[in-house]
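Taken together, the values in this text are just the output of simple stated rules run on the coordinates, not laboratory data. The model shown is predicted, which means the values in this text are computed figures rather than measured ones. A quick note on method: Cβ atoms are made from the backbone with ideal geometry, for glycine too, and the neighbour counts reach across all protein chains shown.
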Amino acid sequence: MSKITEDETVTILADHLKKSGWTIDSFCLGQTKGNDIVASKSNKTLIVEAKGAKAGKNSPTKKREYFDSGQIKTHFGKAIVKILDEKYLNPKSKFAIAHPDDKDIRRTIGHLTPFLKTLGIKHFWVSADGTVIEE
């Protein structure tokens, strides 16, 4: 498994959602503020917060080859807070968090992602080859 960036996670997941019948209304790449993916299908809106396994090559904060367990946990916590805020602002929408399907990320937070369901949040594991696993 290769380490993919947040932008790659967004792009791969957006392609997967399109193939699953969703319309991509908007997406953010780079350091752009906003929801990473907003998609719609059958009068439903899906808001996704995506994370990467490493910083993009143009990231102003790139220091390591890939994220360590502390950074992975921090990013996961920020994603949860962002999605809970979106749930507050858009209570009728659906919500998800996406991560690369990466052994280090799975080892660090994989045991926690099933709890997202209890909050009404889906989780996507996204692979570089385009495979997406939905929890």
Problem set entry | Using alpha carbons only: equivalent-ellipsoid semi-axes of the chain, gyration tensor based, whole Å | 22, 16, 15
Seminar exercise, completed: Put in order of increasing Cβ neighbours within 10 Å, starting from the fewest, HIS75, HIS16, HIS111, HIS99 give HIS111, HIS16, HIS75, HIS99
Problem set entry | ³J(HN,Hα), Karplus 6.51/-1.76/1.60, whole Hz, each residue of the range 13-19, x for Gly, Pro | 5, 4, 4, 4, 4, 4, 5
Exercise. If the chain between VAL81 and GLU134 were fully stretched, how many nm would it gain, using 0.36 nm times the residue separation less the Cα-Cα distance?
Worked result: 17.1 nm
Exercise. Taking the simple approach of a point 7 Å from Cα along Cα-to-Cβ for both SER42 and LEU119, what is their distance in nm?
Worked result: 2.6
Exercise. Taking θ as phi - 60°, what are the ³J(HN,Hα) couplings along the range 97-105 by the Karplus curve (6.51, -1.76, 1.60), each to the nearest whole Hz, with x for Gly and Pro?
Worked result: 10, 10, 10, x, 7, 10, 4, 5, 5
